[in-house]
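As structure tokens, the structure follows; a few thoughts come after it.
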Amino acid sequence: MECAGCGFDIQSGFAFCPRCGAKQPLSCAGCGYACQPDFAFCPRCGTSLAGTAQPVLKPIVEVAAPEKSDSDADRRPVTVLFADLCGFTTLSEQIDPEVMRVLQNELFEEMTQAVETYGGFVDKFVGDALLALFGAPVAHEDDPIRALNAALDMIDRATEVGTRWHSRARVPLRLHIGINSGPVVTGGFGAVGAKSYSVTGDTVNTAQRLQSMAGENDILVGPLTYRLTRHAFAFDSLGAQTLRGKSGNVHVHRLTGLLEAPHTARGLENFGLQAPMIGRDAELSRLLTCLDLACGGAAQLVRLIGEAGIGKSRLANEFVTIAGNAGRFPGLAIRKATCSPLGEQSYGTLAAVVRSAYGVGERDDPDRTRQLLSTGFRALDFTQEDVEGLLPLFLHVLGLGDPDGALRHIEPEQLRRQIFYAVRTVFERRLGQGPLLLVIEDLHWADAASLEVLRFMMDRLERSRLMLLAIYRPTSQTDPLNSDRVSVTVQRLGPLMAADGQKLLAAFFGEAHGKLPVSMRKRILDRAGGNPLFIEEILRGLIDMGTLHHDGQHWHVATEDTDVDIPVNLQALLLAR
């Protein structure tokens, strides 16, 4: 191996270079990634490096390692993606091997970027195929969604690579992709001293079989992946298919793209089950009191904090519905924004607020965006000169760069100050026309720059008709948004009381509630632990399994002995905490 500092050829296992003294990278025990000496955790898989501070020298005499338990093994739900290049053998016959290697590396680089963009982990490359994991080693509550987005991105990237290589490859580059979700076992696999992080299980095998079955630029998904993503993506059903090496048939769907109007992933409306908000009357009353104060000219910052699924969004939606009543809050404007679970670029959260305020679409080009912003600014009685000064700053916030070159000579710190004051100026002008309610969901994913702007704005608008409702999950860090000059209200949502959980079940099923066995109701509520989302998803799981079924008029229970398991999507949500 070569020294990371001077390039001197040193023996494997050396902690320092004998020529320049540079400390050498450490190999992660989890995935084998070469980590810098001062790293505490592996940036690739998150494994702690505390136990690998000193490389272990290989003994001269090999001795058998004592047997030990696989303490690093972990059973968890994962979405597995297999992607393979179509016509690899034919292409290899047409292209020189050295050129083919360059093409493969370029394609693999693009595919890897697609995986990492959506928070996935590239497990390995096998020939011309890639195996990627979503949910291991790092879990997210929406890993199946991320996997499908990554697959669509891969196909686009492969097409672009094919265009660049058209003169040499002479054939388009197309992929066939298989995706499957389910339980796997993760951990170190391989001989002692040469283990690498990977996964095993039938979920992996099924994903590979789906990939083998897929045609050119096809993305085939297994039944659980389909069920967890059908609210956001469009599919064609291929029916029950026989996959090589598997007993029994597997229901397969072909991904055709994103839905133009995605449905909500939560709730039981598709099954005809609806319920009013239960157990949050006191919290709702407190939010309305804060809005009354804000409309009276005392700005309010309200932090609504609670675990995933505890009912933050439901409470916020009820509050916004009442706030929209013109009779109680005349002239109130409401703006809503949601932070992305993929992480926000600098000013990304602020950009979401701007898009909500001026109707700017995610894919609108600079010209269209400039037109919408100009119209909005003029509606606030800004002069044309003011508009021309504001536009470059807001285009920068929206991630559209500096298309006119107006900011090219401005230092970063000066640009930051100009953005802060521009945002405050626009909000001041808007508040002069009437009260404003700003609702930002999932603030735990907000970027630091946006949080700084929001703090700056709140501290300078303390005597305005503004209420900012910041909704987020508990974090290990200090509260992401605070203010020293405006009234701050902290509303923490806890689990529903047992009686409220019973009321929620009764509201869902109405008269049929009494037909649910008492033991089943108790198991549902015990498993849910007072979390409304958990109650809904457990019910959804029982319906999907056929334990609960509707004959068109009434609900029936197929068996009273069925155990109440935690659905896969809730397992992923718990792992993501």
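Among 409-419, 198-208, how do they line up by average Cβ neighbours within 10 Å per residue, starting with the highest?
By packing density, highest mean first, the sequence is 198-208, 409-419.
Students often forget the sequence filter, so: which aspartates and glutamates lie under 16 Å Cα-Cα from LYS522 once same-chain residues fewer than 8 apart are removed?
Within the straight-line cut-off, LYS522 pairs with ASP500, GLU536, GLU537, GLU560, ASP561, ASP563, ASP565.
Using a Förster radius of 35 Å, what is the FRET efficiency between GLU109 and ASP500 based on their Cβ-Cβ separation? Nearest 0.05, please.
Taking R0 as 35 Å, the efficiency between GLU109 and ASP500 is 0.10.
Points 7 angstrom from Cα along the Cβ direction at LEU407 and VAL102: gap in nanometres?
Spacing of the two 7 Å Cα→Cβ label points: 3.7 nm.
Mind giving me the FRET efficiency for THR256 and ASP381? R0 is 56 Å, r the Cβ-Cβ distance, nearest 0.05 is fine.
Once the sixth-power term is evaluated, E becomes 0.75.
Which values, in whole Å and largest first, are the semi-axes of the equivalent ellipsoid of segment 261-379 obtained as the square root of 5 times each eigenvalue of the Cα gyration tensor?
For segment 261-379, the ellipsoid semi-axes come out as 28, 22, 15 Å.
From the backbone phi of segment 110-121, what are the Karplus-calculated ³J(HN,Hα) couplings (6.51 cos²θ - 1.76 cosθ + 1.60, θ = phi - 60°) in whole Hz, Gly and Pro given as x?
After applying 6.51 cos²θ - 1.76 cosθ + 1.60, I find 5, 5, 5, 4, 4, 5, 6, 4, 9, x, x, 10 Hz.
Per 0.36 nm of contour for each residue apart, how much would the distance between SER487 and ARG164 grow if the chain were fully extended, relative to their Cα-Cα spacing?
Once the chain is fully extended between SER487 and ARG164, it gains 110.6 nm.
Which far-off residues, 5 or more places away or on another chain, put their amide H under 5 Å from the one on ILE334, with H placed in the peptide plane?
For ILE334, whose amide H was placed from the backbone, the distant partners under 5 Å are LEU437.
Provide the gained length on full extension for the span GLU269 to ALA282, in nm with one decimal, where the gain is 0.36 nm per separating residue minus the Cα-Cα distance.
Full-extension gain reported as 2.1 nm.
Quick one: net charge of ALA114's neighbours, Cβ under 12 Å, K/R +1, D/E -1?
Result for the local shell: -4.
Hey, can you grab everything whose amide H is under 5 Å from the amide H of VAL78? Only 5+ residues off in sequence or another chain; H modelled, so Pro and N-termini drop out.
GLY182, VAL184
Just to confirm a number: summing +1 for Lys and Arg and -1 for Asp and Glu over residues other than GLY361 whose beta-carbon lies under 11 angstrom from that of GLY361, what do you get?
Net charge in that neighbourhood comes out at 0.
Using only alpha carbons, build the gyration tensor for segment 281-492 and give me the equivalent ellipsoid semi-axes, biggest first, whole Å.
28, 20, 16
Highest first, please rank the peptides 219-229, 359-369, 537-547 by the mean number of other Cβ atoms sitting within 10 Å of their residues.
Going by the mean number of other Cβ atoms within 10 Å, highest first, we get 219-229, 537-547, 359-369.
I want the local charge near ASN205. Using Cβ-Cβ distances under 11 Å, sum +1 for each Lys or Arg and -1 for each Asp or Glu among the other residues.
Once all neighbours under 11 Å are counted, the net charge is +2.
Which of the trypsin sites (Lys or Arg not before Pro) found in segment 240-271 are in a DSSP loop and have at most 15 neighbouring Cβ atoms, other than their own, within 10 Å?
ARG244, LYS246
Packing-wise, with mean Cβ within 10 Å as the measure, how do 134-144, 114-124 rank, highest first?
By packing density, highest mean first, the sequence is 134-144, 114-124.
Given a Förster radius of 41 Å and the C-beta distance between ARG463 and SER346 as r, what FRET efficiency does 1/(1 + (r/R0)^6) yield to the nearest 0.05?
E between ARG463 and SER346, to the nearest 0.05, is 0.85.
So how strong a dipole does segment 383-425 carry about its Cα centre when Lys and Arg Cβ are +1 and Asp and Glu Cβ are -1, to the nearest 20 debye?
That gives a dipole near 200 debye.
Given labels modelled 7 Å from the Cα in the Cβ direction, how far is it in nm from HIS513 to LEU293?
3.5
Could you give the nm distance between label points at LYS522 and LYS336, where each point is 7 Å from its Cα heading toward the beta carbon?
3.9
What per residue convex hull volume, in Å³, do the alpha-carbon atoms of segment 195-241 yield?
So the per-residue Cα hull volume is 123 Å³.
Given the convex hull over the Cα atoms of segment 74-265, what projected area results after averaging over all orientations, in nm²?
The directionally averaged projection comes out at 11.9 nm².
Taken together, the values in this text are just the output of simple stated rules run on the coordinates, not laboratory data. These numbers were taken from a predicted model, which means no experiment stands behind them. Neighbour counts are summed over all protein chains in view; Cβ atoms, including those assigned to glycine, are modelled from backbone coordinates with ideal geometry.
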